[in-house]
Amino acid sequence: MNRQCVIIFALLFFVVSACFFSSWFVVAQTSQTGSKLQAASTAVNQAFTSVLAAEKAGANVTSLLDQLNNANSLLAQAENANTAGDNSTAVNDANAVIPITQQVTTSAQNAKENTQVSSRNAFWSTIAATIVSAVVFVLVLFVVWRWFKRRYIKGLSEAKPEVMGNEA
């Protein structure tokens, strides 16, 4: 009887420890899935912020929004898989989101910088064109004024003076 108690106790110990370790593994796997989903969600938010900043700078972000929508769809699929209990699909989908969002973030930052440089160049070109146009306008105005002045003086010098008599 003593031997049977030890065997029963050992079996009971293995069953309890197996339940504990399997639930610990599930908790660890769930927290890993949760952290992957959180990282993917953060990456999507950062990419959205970068795209919004690029759009405010005046960049064309249509293709970036398409990529961001694809990443957001993958994130939604990952969250649905996590809710359904399919942790491996959730992790794979969450891992697939991160490279897309990194590419979108980099492209948005590059587009923003290019747009800002282009805007600065356009601004300084406009300033230069305005200055040159003003100088040319003043020069043309001066030349026209001199032409009218010469013509007026020539007209005065060719005019016949009228003599007014004393009418008293």
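A short reminder: the numbers here are calculations on the coordinates, not readings from a lab. Computed from a prediction, not measured in an experiment: that's the story for all the values here. Cβ coordinates were reconstructed from backbone atoms using ideal geometry, including for glycine residues, and neighbour counts include every protein chain displayed.
Worth pointing out:
- For ASN92, net neighbour charge (Lys/Arg +1, Asp/Glu -1) across residues whose Cβ lies under 15 Å away: -2
- Surrounding net charge for ASN82, when Lys and Arg each add one and Asp and Glu each subtract one, Cβ distance under 11 Å: -2
- In this simple spin-label approximation, GLU113 and ILE131 carry label points 7 Å from Cα along the Cα→Cβ vector, and these lie 2.8 nm apart.
- Neighbour net charge for ASN72 - beta-carbon separation under 12 angstrom, K R +1, D E -1: -3
- Surface/4 of the Cα convex hull for segment 63-148, nm²: 7.4
- Lysines whose Cα lies under 28 Å from that of LYS112, excluding same-chain neighbours fewer than 8 positions away: LYS56
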